[in-house]
1. When the chain is fully extended, how far beyond the present Cα-Cα distance does W69 get from A44, taking 0.36 nm per residue of separation?
2. Distance between Cα centroids, segment 65-87 to segment 1-30: provide it in whole Å.
Amino acid sequence: MTRDERGLPLSTDSAEAAALFDRAVEHFLKYHADVMTLASRMLAADPEFVMGHCFKGYMLLAASDPAHWPAIAATLAAAETGAPVATERERKHVAALKIRWRGWWVQSTARKSGPTQGRLIDDRRQLRSAERAPQRMAATWIMS
């Protein structure tokens, strides 16, 4: 198990994946265009890196593009597969990614009325703070 540059444990044994994670977070905070490239390289270095999958999932969700839905679902599935051996922090990120993804999916597919209406309202309540969070808040989630 390695640690990121903030001293937080990561479930990867790959120093390269950990370094690329730190670099991807830094580049995200500085609005660099290569964040997804770094995420791809990070996961190539360790395909089972749970926090890497969560980071990639967060970035795909931030794009708000329905074309990314299959990639988001695959990223979440990979993160969930690795969750049993992940750190507690990473498991919390997997849960957060799942809630966020579920919220996007429900909001995008639910009708204004009908049997899904109550569920949509519950999801909106759960996601209210996350939806209003600026980019800095998203960065805080990644780093905490």
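1. Details: separation 25, 0.36 × 25 = 9.00 nm, distance 2.07 nm.
Gain in length upon complete extension: 6.9 nm.
2. Answer, in whole Å: 18.
None of the figures in this text is laboratory data; all of them are computed from the coordinates on show. No experiment lies behind these values; they were computed from the predicted model shown.
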